[in-house]
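Shown next, in structure tokens, is the structure this report addresses.
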Amino acid sequence: MSDRHFDELATRFAEKIYGGAKGAIRLAVLQADLAEALPARPLRVLDVGAGLGHMALWLAERGHEVTLAEPAEPMLAGARERFAQAGLAATFIHAPWQELPGRFEAPFDLVICHAVLEWLAEPAAILPALHGLTAADGWLSLAFYNKDALIYRNLLKGHLRKLRKEEFAGEKHSLTPQRPLDPRELEAQLAAGWQVEGRSGVRVFHDYMPRDFQAKAQLADLLEMELAHRRHPAFAGLGRYLHWICRPR
């Protein structure tokens with residue numbers, strides 16, 4: 001298995017992920033968490049696996065100095081276009097995460113790594129690189145595809161044979177991540193270098209709703225309830241993604 005990039009799926013990614021409620025909820029939760037955690041001053045930000053630049057643009061609009069690193073050129077082109085339309089500047093780097101260590105003169109105040117680990121052949125390998133890219137008093141915003149939620153959804157759907165075989169990877173050309181992460185394993189891997197200070201679930205109930213309920217629900221209501229329950233002690237761990245805000249030890 002090798003790292004998965006999105007050179008051939010940029011358009012589909014934009015439509016599937018950010019064309020509806022799923023993407024809107026994801027952005028709303030991530031932005032709410034960061035708005036609460038970050039200080040009210042301009043920060044140097046590195047977005048690793050920046051995709052189409054949705055989060056980076058939101059941060060740039062708030063006065064932060066943003067660098068986007070993305071291995072898929074079509075995705076990076078989409079991010080450039082989004083920034084150009086907004087009339088905002090940023091630094092764009094066409095590179096995988098392996099090429100980032102040692103590339104910058106100083107570490108960053110905030111490093112973003114959203115929906116990247118689950119597409120890597122060896123997710124744990126990126127963690128030391130992220131640590132080296134983050135300032136000693138900085139933040140890491142880490143969002144990842146939650147294996148617990150995938151198992152729970154398959155239980156609800158009766159896919160018991162699939163669970164017995166532990167078939168969790170998505171199809172080769174699908175947008176289902178190839179390697180969902182076990183939160184306990186990831187936290188153990190982070191423990192040597194990071195303290196997890198904030199935790200939220202992303203889409204803690206939306207993806208479990210019957211399709212007809214999803215279609216009838218108003219987006220404003222979905223966002224309100226997802227934000228209200230993203231840290232609920234019983235529901236947060238069911239998020240299809242988990243968002244952790246970490247500080248270097």
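The values are calculated or read from the model by the stated rules, or taken from the named source; none is laboratory data. Predicted, not measured: the structure shown is a model, and the values here were computed from it. For neighbour counting, all protein chains shown are included, and Cβ atoms are generated from backbone atoms with ideal geometry for every residue, glycine included.
Of all strands (runs of 3 or more DSSP E) completely enclosed by region 30-128, which ones contain at least 2 residues that are more than 15 Å from the chain's Cα centre (by Cα) and over 29 Å from Gly239 (Cβ atoms)? Full working, then the answer.
Values: elements: 44-48, 65-70, 91-94, 108-114.
Correct list: 91-94.
Return the residues of region 201-221 that are under 22 Å from the mean Cα position of the chain (by Cα) and either within 18 Å of Ala28 (Cα to Cα) or of a type in the set (Val, Ile, Thr) (or both); say none if nothing qualifies.
Matches in region 201-221: Gly201, Val202, Arg203, Val204, Phe205, His206, Asp207, Leu219, Ala220.
Can you say whether Leu46 is in contact with a Lys or Arg (Cβ under 6 Å, 6 or more places away or on another chain), of a type outside the set (Val, Ile, Thr) and modelled with pLDDT of 95 or more, as far as the supplied structure shows? Show your work before the answer.
Details: in contact with a Lys or Arg (Cβ under 6 Å, 6 or more places away or on another chain): no; of a type outside the set (Val, Ile, Thr): yes; modelled with pLDDT of 95 or more: yes.
Criteria not met by Leu46.
Enumerate the pairs (first residue in region 92-107 and more than 10 Å from Thr67 (Cβ to Cβ); second residue anywhere and in a loop (DSSP other than H, G, I, E, B) and of a type in the set (Asp, Glu)) with beta-carbon separation below 9 Å, excluding pairs fewer than 6 apart on the same chain, so at least 6 apart or on different chains.
So the pair list comes out as Pro96/Asp3; Trp97/Asp3; Gln98/Asp3.
Inspect region 13-28 for any residue being over 14 Å from the mean Cα position of the chain (by Cα), assigned to a helix (DSSP H, G or I), at pLDDT 95 or above and surrounded by 14 or more Cβ atoms within 10 Å (Cβ to Cβ) and give the result as yes or no.
If we filter region 13-28 for residues that are over 14 Å from the mean Cα position of the chain (by Cα), which is where we start, we get 14-16, 19-21.
With the extra rule that they be assigned to a helix (DSSP H, G or I), the set shrinks to 14-16, 21.
When the remaining residues are screened for being at pLDDT 95 or above, the result is none.
Scanning region 13-28, I find no residue that is over 14 Å from the mean Cα position of the chain (by Cα), assigned to a helix (DSSP H, G or I), at pLDDT 95 or above and surrounded by 14 or more Cβ atoms within 10 Å (Cβ to Cβ), so the answer is no.
What strands (runs of 3 or more DSSP E) completely inside region 130-249 contain at least 1 residues that are modelled with pLDDT of 95 or more and farther than 20 Å from Val48 by Cβ?
On the way: elements: 134-145, 194-202, 241-248.
Here the list reads 194-202.
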